[in-house]
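Comments concern the structure below.
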Ligand code: GLP
């Protein structure tokens, strides 16, 4: 694991944006794994700015989002598809058919998402956030490390953490579909960003604890190419 600590979220997001631009600056097509959540809002904003300045194109990019809520109507502003549309896709030249999300139909074969990713050549760079409970994507504590894309019931702590995106707690979905831990570990490179002191304990556990499915992020210790991007608040228990 390479750990990069920045003075602020702004500087950290600048680093992540630069890494993305470098990854996209290749003649061959690139498969990006994308994350939603508050953590990546400023990175995507910078990326859109870079696109508008002509510094990057998405016309050779395929995207695979990590997860999606299951009990939200497709026109709800907080679906992850709508989040991505608002913060990135609507503003850049990515071909619509290159945008992928895990299947959300009730009777879907969720593992088809793993097959699709594999058929398209695998993910080159996977972006990740981390939940305060140590989840990655929506792999909640206890999810096996060999899990593939699957349906999951969200922890109450996760629903509370995401309440800020909804009017009322009752409106926060209970179910989601998520890439599994093994799906994530298949990516060639992984970059996890975490900002703010509420992530400090999960970040410490991810880096320092013995890998254990009770803290899904500890699975990243098993991957050969992981960069952890932190601001000082999120890094406070790593430095100690
Ligand atoms: C959310 C998402 C994750 C995200 C994490 C942190 O619930 N499902 O993919 O990385 O939890 O979110 P945030 O960036 O808003 O803190």
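The values are calculated or read from the model by the stated rules, or taken from the named source; none is laboratory data. Model, not experiment: these values are computed from the prediction. Virtual Cβ from ideal backbone geometry, glycine too; neighbours counted across all protein chains shown.
Need at least 2 residues that are crowded, with 23+ Cβ neighbours inside 10 Å per element, so show me which helices (runs of 4 or more DSSP H) inside segment 138-240 make the cut, counting only ones lying wholly within it.
Numbers: elements: 156-161, 181-185, 200-208, 236-239.
The qualifying helices (runs of 4 or more DSSP H) are 181-185, 200-208.
Would you mention how many residues in segment 78-95 are part of a loop (DSSP other than H, G, I, E, B) and closer than 24 Å to residue 140 by Cβ?
Taking segment 78-95 first, the residues part of a loop (DSSP other than H, G, I, E, B) are 78-79, 88, 92-95.
Right, trim to closer than 24 Å to residue 140 by Cβ and you get 78-79.
Residues in segment 78-95 being part of a loop (DSSP other than H, G, I, E, B) and closer than 24 Å to residue 140 by Cβ: 2 in total.
Every residue in segment 151-170 that is within 14 Å of the ligand (Cβ to nearest atom) and either closer than 13 Å to residue 71 by Cβ or under 16 Å from the mean Cα position of the chain (by Cα) (or both), please.
Passing the criteria: 151, 152, 153, 154, 158, 159, 161, 162, 166.
Quick one: which of 34, 88 is in contact (Cβ under 8 Å) with a residue 60 or more places away in the chain and within 16 Å of the ligand (Cβ to nearest atom)? Reasoning before the result, please.
Values: 88 fails: in contact (Cβ under 8 Å) with a residue 60 or more places away in the chain.
From the options 34, 88, the qualifying one is 34.
Answer with yes or no whether residue 20 is in contact with a strand residue (DSSP E or B) (Cβ under 7 Å, 6 or more places away or on another chain) and modelled with pLDDT of 95 or more.
Numbers: in contact with a strand residue (DSSP E or B) (Cβ under 7 Å, 6 or more places away or on another chain): no; modelled with pLDDT of 95 or more: yes.
So residue 20 fails the test.
Name the residues in segment 171-188 that are within 13 Å of the ligand (Cβ to nearest atom) and without any contact (Cβ under 8 Å) to a residue 24 or more places away in the chain, would you?
172
Check segment 108-124 and report whether any residue there is within 16 Å of the ligand (Cβ to nearest atom), under 22 Å from residue 213 (Cβ atoms) and touching a helix residue (DSSP H, G or I) at 6+ places or on another chain (Cβ under 9 Å). Talk me through it step by step, then tell me what you get.
The initial filter retains those residues of segment 108-124 that are within 16 Å of the ligand (Cβ to nearest atom), namely 110, 113, 123.
Restricting the remaining residues to those that are under 22 Å from residue 213 (Cβ atoms) gives 110, 113, 123.
Subsequent filtering for residues that are touching a helix residue (DSSP H, G or I) at 6+ places or on another chain (Cβ under 9 Å) retains 113, 123.
Taking every residue of segment 108-124 in turn, at least one turns out to be within 16 Å of the ligand (Cβ to nearest atom), under 22 Å from residue 213 (Cβ atoms) and touching a helix residue (DSSP H, G or I) at 6+ places or on another chain (Cβ under 9 Å).
Please specify each residue of segment 197-214 satisfying the condition of being within 14 Å of the ligand (Cβ to nearest atom) and either touching a residue at least 40 places away in the same chain (Cβ under 8 Å) or within 15 Å of residue 128 (Cβ to Cβ) (or both).
Of segment 197-214, the ones within 14 Å of the ligand (Cβ to nearest atom) are 197-203, 206.
Matches in segment 197-214: 198, 199, 201, 202, 203, 206.
How many residues are more than 16 Å from the ligand (Cβ to nearest atom), closer than 28 Å to residue 194 by Cα and surrounded by fewer than 18 Cβ atoms within 10 Å (Cβ to Cβ) if we restrict to segment 91-102?
Initially, segment 91-102 is screened for residues more than 16 Å from the ligand (Cβ to nearest atom), giving 91-99.
From what's left, closer than 28 Å to residue 194 by Cα: 91-94, 98-99.
Next, from what is left, pick out any that are surrounded by fewer than 18 Cβ atoms within 10 Å (Cβ to Cβ): 91-93.
Count: 3.
So residue 76 clears everything in (1) touching a strand residue (DSSP E or B) at 6+ places or on another chain (Cβ under 9 Å); (2) within 16 Å of the ligand (Cβ to nearest atom); (3) in contact (Cβ under 8 Å) with a residue 24 or more places away in the chain except one condition, right? Which one?
In the conditions (1) touching a strand residue (DSSP E or B) at 6+ places or on another chain (Cβ under 9 Å); (2) within 16 Å of the ligand (Cβ to nearest atom); (3) in contact (Cβ under 8 Å) with a residue 24 or more places away in the chain, residue 76 misses (3) alone.
Hey, can you tell me all the residues within segment 38-70 that are within 16 Å of the ligand (Cβ to nearest atom), touching a helix residue (DSSP H, G or I) at 6+ places or on another chain (Cβ under 8 Å) and part of a loop (DSSP other than H, G, I, E, B)?
66 - this is the single residue of segment 38-70 that is within 16 Å of the ligand (Cβ to nearest atom), touching a helix residue (DSSP H, G or I) at 6+ places or on another chain (Cβ under 8 Å) and part of a loop (DSSP other than H, G, I, E, B).
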